[in-house]
Structures are given as C-alpha cells and as structure tokens.
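Scroll down for the structure; my scribbles are underneath it.
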Amino acid sequence: MKTKLMLLLMAMTLSVSLYAQKPLSYTLTKPGSMTIKFDPKKLQKIPPILLPCKLTNGKDRPYACEFSFDKLEFYGNDGSLLGTVKPVKGQPAITPLPFNKAKKSAPAGQGGQITYTVKAYFTRRNTPAFPVSKGYQVRTCKVTSCLPSDEISTVLSSVAMPAGINDQAILTFDLSWIYSKKDGLMIGPHEVYLENDVTTTKMSMSVQTPLRDRAEAWIDIQPSITGDPSN
C-alpha cells in the first residue's frame, strides 16, 4: 500500500511540474483595433502597440506621431553646453544663453541678430504613415501655439531620418533671433517642429490648425540672453 501511495504521489508531482513548465500563450489587444495573438513556441516577439498621440484639442491624431522630441541642447562658440530643453506640459522654463557664447552677434550695444548652435534629439516611435517625398524638415515659428498664418521658417529640409523603431537621430543646426540690446527682447524661434513632408499635407489645412498637430514632433523653447555687455 505504501509503495502504491508513493508512486501515486510521484506521478502527481511530475504532472504538476510539467503543467507549470508549459509555455503560456498571450493575447494583446490594441485599443479600438484588432486583437493580436502569438505563439511562444515560435519565439515570436511581442509586437509594439501603437498608441496615437494627441492633437492640441485632446483628440487622437489621425496618424501616429513618428518621433518623440527628446531634447534640444544649446551650445556655445567654444563647444560648451549652455542649456537643455525637454518637452513639458505648459510653458517651459527660461533657458539663459550667455551673450559672449553666441556663435554670431551684433557688436555690443547694438541691436541685431544673435545666433546659437543647437542639437535636436529625436527617437523614432512609429513607422511613417506616408513615405516622405524629399525627406523630413525642421521648421520654426516665432510664437507658441503657431498657426499657418504666423511667420514660419524652414531650418532644414530633405532630411533623412532613421527607419528603425527606437533608433535615435541627432540634428545639428543654428537658430537666430533679432535681439534688442535695450530691453532684451528676442524675436525669433519659440517652437521647433519636425515634419514628414507628405504626412503634413494630409493633415487639416485649416488656418486654425496648429503646426503642433501637423508635426511628427515639436518642442517649445524660451531662450533669454544674459551677460549683455551693453547693459
């Protein structure tokens, strides 16, 4: 009797062990979309869930944003890092830029253009909704919540961006402002956008459509000149 009981216990233990080691199958559901099933026996990877980004009115963007704007760095004429801006909700903090670190500036005591070199960091989050024609473009606007009727400048065009999900791109370019030495007023870029040159044309072309909605990624910046020798 004891032998039979021991054999029965061993069989039950082996059965439980095999059941515990059995590969589990998973199901992922994309919100408001299809259900994705995959078999762990086939060593399938969990596919990314593409959550739509939001428009300025709080609704889902018709096309998932391709990139995140990770940060924008300002550099001095000696290569030193002057400041870093990251996307935030609401108005960002002021980024102080030393006058004597500008790449170019008008003579002390005079108003004119002042220029700094920046590096923009992007990470691809989704595949393109539409293949680009000539490439991506970096554009700027002199106001926040920029509309098509506001003054918009193209800083870079025909830019090739990485294709792989989670790949990063670093773009280096110059930004310039018209600087008034008397009151420190800066007229120039206050928002920076990355656009797919085809997807942007598929978005609403209404005069009330902010460039934020048409861009694949954007950032708000608030630079301020410090150490002006004319003051």
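Summary table
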quantity: For Ile221, residues with placed amide H under 5 Å, excluding near neighbours; calculated: Glu191, Val192
quantity: Restraint check, Lys134/Lys202; Lys71/Lys119; Lys119/Lys181; Lys142/Lys202, Cα-Cα greater than 19 Å; calculated: Lys119/Lys181; Lys142/Lys202
quantity: Quarter of Cα convex hull surface for segment 67-226, i.e. mean projection, nm²; calculated: 9.6
quantity: Inter-label distance for Lys104 and Ile165, nm, one decimal - labels placed 7 Å from Cα along Cα-to-Cβ; calculated: 4.3
quantity: Calculated FRET efficiency for the pair Ser80/Val207, C-beta based, R₀ 35 Å, to 0.05; calculated: 0.25
quantity: Spin-label proximity, Asp70 to segment 124-165 - amide N less than 11 Å from point 7 Å beyond Cα toward beta carbon; calculated: 124
quantity: Dipole magnitude (debye, nearest 20) for segment 67-226, charges at Cβ of Lys, Arg, Asp, Glu; calculated: 140
quantity: In nm, spacing of pseudo-spin labels at Ser133 and Arg61 (7 Å Cα→C-beta vector); calculated: 2.0
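Any read-out appearing in this document is the output of simple, stated calculations on the displayed coordinates, not a laboratory observation. For clarity, every value in this text was computed on a predicted model and none was experimentally measured. Heads up, the Cβs are rebuilt from the backbone with ideal geometry, glycines too, and the neighbour counts pull from every protein chain shown.
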